[in-house]
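Q: I'd like to ask you about the structure that follows.
The values are calculated or read from the model by the stated rules, or taken from the named source; none is laboratory data. Being a predicted model, the structure only gives us computed values, none of them experimental. Cβ sites come from the backbone with ideal geometry, for glycine too, and all protein chains shown count toward neighbours.
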Amino acid sequence: MGNPYVIRVVSKKGGVGKTVVAINLAIALASFGKKVLLDDGDVANASASIHIGLRDSFYSSEEVLYSEQSVSKSVYRYDPGSIDILPGTGYYSLRAPPTEEQIASLGRQLSSADYDFVVVDTSPGFFMPHIAKYYKEALIVSTMDEPAIRSNMGLAKLYGGISVKTNMALNRVTKIDDRAVKDIEREFGKGVIGILPEDPVVPRSIDMHTPAFLLSGGSKFSMAIKELALRYLSA
Ligand SMILES: Nc1ncnc2c1ncn2[C@@H]1O[C@H](COP(=O)(O)OP(=O)(O)O)[C@@H](O)[C@H]1O
Ligand SMILES: [Mg+2]
């Protein structure tokens, strides 16, 4: 039984880059020799599989949630990125939402799976206190615009209220405005763990179904993701 470092990649606001960060962080961690599982936990719009061009996978988190199939039997090996992925299906559109217990059961499995890291992509706005004990930290991804920051500071407070460790990564940063970053850090209560630039390689990587870290390892975005991974490796 493993004791992976489970990172839930979250944001109260959609479209900030959670999926892009989750996939590329998972692959960057694997590039340093870590055993990594990426769980597509975006129940409304499972999209991690689309980003890597996986159309039909035999199993997904749906089997784990509804049929109690084991995580290890449901993962797909994504060789180019040297990671395992538990694909999502966007089951909310197909059937009744899973019960709290079904979600907790998946959380239990992930928290004891045989990996160094489990990176979980999530739906915007989802805050599930009952599974907090199954992850080690919530990584809040936010863009630097006022609506995203306001909404994600609110999310940070919710996590703080249930004593969950949080980190914040800023994404789609066009130019580093030190004062704006300092203001965010002051309100958040600690330094941001990553500053990820706006980079045309990202939309291109999605079009090409090849994560940016693999498509262009030397791009600004990939270098920043690598630094983010190193923060986790040195923690
Ligand atoms: N660093 C970045 N540079 C350029 N475009 C980005 C970056 N991060 C995300 N995007 C774009 O933003 C959009 C939303 O990203 P996505 O990861 O799907 O967000 P979320 O999962 O939070 O909804 C994508 O179309 C992607 O191309
Ligand atoms: Mg997403």
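Q: For the range 136-178, how many residues are closer than 16 Å to Thr122 by Cβ and polar (S, T, N, Q)?
A: 6
Q: Oh, and also: Looking at Ala235 and the list (1) at pLDDT below 95; (2) within 17 Å of the chain's Cα centre (by Cα), which single condition is not satisfied?
A: Result: Ala235 fails condition (2) only.
Q: Out of Pro203, Pro211, I need the residue that is surrounded by fewer than 20 Cβ atoms within 10 Å (Cβ to Cβ), within 19 Å of the chain's Cα centre (by Cα) and within 16 Å of ligand 2 (Cβ to nearest atom). Which one?
A: Pro203
Q: Can you name the residue in the range 119-147 that is among the small types (Gly, Ala, Ser) and within 14 Å of ligand 2 (Cβ to nearest atom) and, of all such residues, is modelled with the lowest pLDDT?
A: So, considering only residues that are among the small types (Gly, Ala, Ser) and within 14 Å of ligand 2 (Cβ to nearest atom), the one modelled with the lowest pLDDT is Gly125.
Q: Going through the range 28-80 one residue at a time, which ones are assigned to a helix (DSSP H, G or I), closer than 26 Å to Gly218 by Cβ and away from ligand 1 (no atom under 16 Å from the Cβ)?
A: Matches in the range 28-80: Leu29, Ala30, Ser31, Asp79, Pro80.
Q: Here is a list: Ala113, Ala96. Which entry is in a loop (DSSP other than H, G, I, E, B), modelled with pLDDT under 95, over 15 Å from the mean Cα position of the chain (by Cα) and aliphatic (A, V, I, L, M)?
A: It is Ala96.
Q: Go through the range 108-124 and count every residue that is over 16 Å from Gly88 (Cβ atoms) and touching a Pro at 6+ places or on another chain (Cβ under 9 Å).
A: The total comes to 7.
Q: Let me ask something additional. Somewhere in the range 86-98, is a residue of a type in the set (A, V, I, L, M), within 16 Å of ligand 1 (Cβ to nearest atom), farther than 18 Å from Tyr135 by Cα and surrounded by fewer than 22 Cβ atoms within 10 Å (Cβ to Cβ)?
A: Checking the range 86-98: not a single residue is of a type in the set (A, V, I, L, M), within 16 Å of ligand 1 (Cβ to nearest atom), farther than 18 Å from Tyr135 by Cα and surrounded by fewer than 22 Cβ atoms within 10 Å (Cβ to Cβ).
Q: Quick one: would you say Ala169 is surrounded by 20 or more Cβ atoms within 10 Å (Cβ to Cβ) and within 23 Å of Asp116 (Cα to Cα)?
A: Against the criterion (surrounded by 20 or more Cβ atoms within 10 Å (Cβ to Cβ) and within 23 Å of Asp116 (Cα to Cα)), Ala169 qualifies.
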